[in-house]
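Peer 1: Below is one structure. I have some questions about it.
The values are calculated or read from the model by the stated rules, or taken from the named source; none is laboratory data. Predicted model, so just to flag it, every value in this text is computed and none were measured. FYI the Cβ positions are ideal-geometry reconstructions off the backbone, even for glycines, and counts take in every protein chain you see. Surface accessibility is based on the protein's heavy atoms, side chains included, excluding ligands, DNA and RNA. Shrake-Rupley method; radii C 1.70, N 1.55, O 1.52, S 1.80 Å.
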Amino acid sequence: MSAGERAKAKAEQVVGKTVRKAAHAVHKETLAAKGAALEARGRARGAKEEAKSPFKR
């Protein structure tokens with residue numbers, strides 16, 4: 001897993017979680033859903049890169 005892709009995945013997870021929690025605090029459910037989607041996309045990106053890792057050796 002390249003460091004750049006790993007950083008992108010982690011950044012998406014952190015930003016998504018922050019947006020989701022902030023949106024819940026101000027009762028903006030649409031924005032909370034977008035934050036959750038961003039967080040899920042970060043997790044998926046990390047899983048994809050992790051799956052590719054064993055084949056690069």
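Peer 1: One residue is enough: does the range 37-57 have a residue meeting the conditions out of contact with any Leu (no Cβ under 9 Å at 6 or more places or on another chain) and in a loop (DSSP other than H, G, I, E, B)? Walk me through how you get there before you give the answer.
Peer 2: First, the residues of the range 37-57 that are out of contact with any Leu (no Cβ under 9 Å at 6 or more places or on another chain): 37-57.
Now restrict to residues that are in a loop (DSSP other than H, G, I, E, B): 57.
Yes, the range 37-57 contains a residue that is out of contact with any Leu (no Cβ under 9 Å at 6 or more places or on another chain) and in a loop (DSSP other than H, G, I, E, B).
Peer 1: Can you tell me how many residues within the range 1-13 are assigned to a helix (DSSP H, G or I) and touching a helix residue (DSSP H, G or I) at 6+ places or on another chain (Cβ under 8 Å)? Give the steps one after another, and end with the answer.
Peer 2: Going residue by residue through the range 1-13, those that are assigned to a helix (DSSP H, G or I) are 3-13.
Next, only the ones that are touching a helix residue (DSSP H, G or I) at 6+ places or on another chain (Cβ under 8 Å) stay: 5-6, 8-13.
Selection size over the range 1-13: 8.
Peer 1: Can I ask one more? Within the range 39-50, count every residue that is open to solvent by 40 Å² or more (accessible area, probe 1.4 Å) and over 12 Å from Arg6 (Cα atoms). Reasoning before the result, please.
Peer 2: The initial filter retains those residues of the range 39-50 that are open to solvent by 40 Å² or more (accessible area, probe 1.4 Å), namely 40-41, 43-45, 47-48, 50.
Narrowing further to those that are over 12 Å from Arg6 (Cα atoms): 40-41.
Selection size over the range 39-50: 2.
Peer 1: Right, next: Here's a check for you: in the range 1-12, which residue that is open to solvent by less than 80 Å² (accessible area, probe 1.4 Å) and in contact (Cβ under 8 Å) with a residue 12 or more places away in the chain is nearest to Glu29 (Cα to Cα)?
Peer 2: Glu12
Peer 1: Taking the range 13-29 as the region of interest, how many residues are open to solvent by 60 Å² or more (accessible area, probe 1.4 Å) and hydrophobic (A, V, I, L, M, F, W, C)?
Peer 2: 4
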